[in-house]
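The values are calculated or read from the model by the stated rules, or taken from the named source; none is laboratory data. Keep in mind it's a predicted model, so treat the numbers as computed, not measured. A quick note on method: Cβ atoms are made from the backbone with ideal geometry, for glycine too, and the neighbour counts reach across all protein chains shown.
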Amino acid sequence: MERAEGGEKKDVLKRIVRGGVIASVYVGVTYALAPISFGQFQFRAAEGLTLLPILYPEAVPALFIGCFLANLIGPYGILDVILGSLTTLLAAVLTRVTRRSLVAYVWPILLNAFIVSAYLCFLSEIRLSYWAFVLSIGVSEAASVLLIGVPLVRFLRASDPDTNS
């Protein structure tokens, strides 16, 4: 019995550490690429991590925390910190819930395109239509998810035994 409890504690610790790594990588990549990580015409490479809830439940809160911390340095203030982080949380939850379906890959793209665009259109100094923002953010998010996230999920599935659950 004691051995099983030790294994459970080790598993919990592994999930906590993995969540911390996900959050810190999200923040680190966003900060390192800050000039292209914010704004209407952005490429936030860290958004490739938004597919990790397909594999790991701890990625859900980790992505929220990572996005929250990353948005603290952004030019759009508290509205972006709150709404951007909540959008990431909603996308992560829906990605986790639908992880056995192809629709899981679409949540981060759709939610960021429509929600983030709504407030960026309002906050941005660039005056364009909402739909121009949707297109710009949607293409950027799709690029991050499809070019970084999909290969990352494939790699982790093939190399990490923890992804079998």
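Does Ile73 satisfy being surrounded by fewer than 18 Cβ atoms within 10 Å (Cβ to Cβ), in contact with a helix residue (DSSP H, G or I) (Cβ under 7 Å, 6 or more places away or on another chain) and free of Cβ contacts under 8 Å to residues at least 60 places away in the same chain? When the stated conditions are applied, Ile73 passes them. Can you spot a residue in the stretch 118-125 that is under 19 Å from Asp80 (Cα atoms), out of contact with any helix residue (DSSP H, G or I) (no Cβ under 7 Å at 6 or more places or on another chain) and not in a helix (DSSP H, G or I)? Checking the stretch 118-125: at least one residue is under 19 Å from Asp80 (Cα atoms), out of contact with any helix residue (DSSP H, G or I) (no Cβ under 7 Å at 6 or more places or on another chain) and not in a helix (DSSP H, G or I). Among the residues of this structure, Gly28 counts as one that is more than 16 Å from Leu86 (Cβ to Cβ) and not in a loop (DSSP other than H, G, I, E, B).
Answer yes if at least one residue in the stretch 115-131 is aromatic (Phe, Trp, Tyr) and under 20 Å from Val29 (Cα atoms), and no otherwise. Steps first, please.
Kept after step one, since they are aromatic (Phe, Trp, Tyr), are these residues of the stretch 115-131: 119, 122, 130-131.
Filter again for under 20 Å from Val29 (Cα atoms), leaving none.
Taking every residue of the stretch 115-131 in turn, none turns out to be aromatic (Phe, Trp, Tyr) and under 20 Å from Val29 (Cα atoms).
Just to be sure before I move on: is Leu123 in contact with a Phe, Trp or Tyr (Cβ under 6 Å, 6 or more places away or on another chain) and either at pLDDT below 95 or surrounded by 14 or more Cβ atoms within 10 Å (Cβ to Cβ) (or both) in the structure I sent? In short, yes. Is one or more of the residues making up the stretch 49-65 more than 25 Å from Arg157 (Cα to Cα) and either surrounded by fewer than 21 Cβ atoms within 10 Å (Cβ to Cβ) or hydrophobic (A, V, I, L, M, F, W, C) (or both)? The answer is no, given that none of the residues of the stretch 49-65 is more than 25 Å from Arg157 (Cα to Cα) and either surrounded by fewer than 21 Cβ atoms within 10 Å (Cβ to Cβ) or hydrophobic (A, V, I, L, M, F, W, C) (or both).
Just to be sure, is Val145 in contact with a Phe, Trp or Tyr (Cβ under 7 Å, 6 or more places away or on another chain), of a type in the set (Val, Ile, Thr) and under 24 Å from Arg100 (Cα atoms)? In short, yes.
Within the stretch 82-95, is there a residue that is outside any helix (DSSP H, G or I) and either modelled with pLDDT of 95 or more or acidic (Asp, Glu) (or both)? Write out each step before concluding.
From the stretch 82-95, those outside any helix (DSSP H, G or I) are none; that's our starting set.
Within the stretch 82-95, not a single residue is outside any helix (DSSP H, G or I) and either modelled with pLDDT of 95 or more or acidic (Asp, Glu) (or both).
A single member of Ala132, Ala158, Ala143 is part of a helix (DSSP H, G or I), loosely packed, with under 12 Cβ neighbours inside 10 Å and of a type outside the set (D, E, K, R), and it is Ala158.
How about the stretch 15-38: which of its residues are buried (at least 20 other Cβ atoms within 10 Å of the Cβ) and modelled with pLDDT under 95? Scanning the stretch 15-38 gives Ser37, Phe38. Restricting attention to the stretch 95-114, the residues being without any contact (Cβ under 8 Å) to a residue 40 or more places away in the chain and surrounded by fewer than 19 Cβ atoms within 10 Å (Cβ to Cβ) number 9.
Specify the residue that is farthest from the chain's Cα centre (by Cα); the eligible residues are those in the stretch 10-33 that are within 24 Å of Gly138 (Cβ to Cβ) and in contact (Cβ under 8 Å) with a residue 40 or more places away in the chain.
Of all residues in the stretch 10-33, those within 24 Å of Gly138 (Cβ to Cβ) come to 22, 25-27, 29-33.
When the remaining residues are screened for being in contact (Cβ under 8 Å) with a residue 40 or more places away in the chain, the result is 22, 25-27, 30-31.
Working: Ile22: 9, Val25: 11, Tyr26: 8, Val27: 10, Thr30: 11, Tyr31: 14 Å.
Among residues in the stretch 10-33 that are within 24 Å of Gly138 (Cβ to Cβ) and in contact (Cβ under 8 Å) with a residue 40 or more places away in the chain, the one farthest from the chain's Cα centre (by Cα) is Tyr31.
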